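Remarks on the structure that follows.
Bear in mind these aren't lab numbers, they're just calculated from the coordinates by the rules spelled out. Keep in mind that what you see is a predicted model, and the values were worked out from it rather than measured. Heads up, the Cβs are rebuilt from the backbone with ideal geometry, glycines too, and the neighbour counts pull from every protein chain shown.
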């Protein structure tokens, strides 16, 4: 397993990583850039962000037709870091549409987080953006497993002599 990640990375950074990802030839590719693209000081519009995600998906899909690609929405944000991303849901929606248009998975982890109270989320995401690892695993792993695990084989119908 390998990871291509960088703190604060945007989709612009992500598009520059595509060749390295292709060279690695992964079976699964999970990507999330909406939260960093949405930060006001980056000056990336939702449309530009969606176009970059679409370009990433297209290049990966062409080069790695047997790889499974999923674009994700992570956890909600709050506090000052949330205030710096007032249009985050617009970016996330744009990424979801880009994934849908390309026929790849969109995995939305936000409902699992939003099932908890605002006070609980503030404890689980103390800096407003980055969840405590144990909380992230507990809330996000079941969704990932459900969405990415292969479907169980159908049981063969029993034929009864009669």
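Observations, loosely collected:
- Global form of the stretch 59-110, assessed from the alpha-carbon gyration tensor, a/c cut-off 1.5: prolate
- Based on C-alpha pairs under 8 angstrom that are at least 6 apart in sequence, the stretch 9-89 has a relative contact order of 42 percent.
- Percent breakdown of C-alpha pair distances by 10 Å bin, ordered from the shortest bin, for the stretch 1-89: 16, 49, 27, 8, 0
- P(r) tail, the chain: Cα-Cα pairs separated by more than 21 Å, 51% of all pairs.
- Here r is the Cβ-Cβ distance between residue 149 and residue 127 and R0 is 41 Å; the resulting FRET efficiency, rounded to 0.05, is 0.85.
- Only Cα pairs under 8 Å and 6+ residues apart enter the sum, and on that basis the relative contact order of the chain stands at 22 percent.
- Three-way shape call for the stretch 18-61 based on the alpha-carbon gyration tensor, with the a/c threshold at 1.5: prolate
- Entry for the stretch 92-152 at q = 0.25, 0.28, 0.29 Å⁻¹: log10 I(q)/I(0) = -1.06, -1.14, -1.16, Debye formula applied to identical alpha-carbon scatterers, no solvent contribution.
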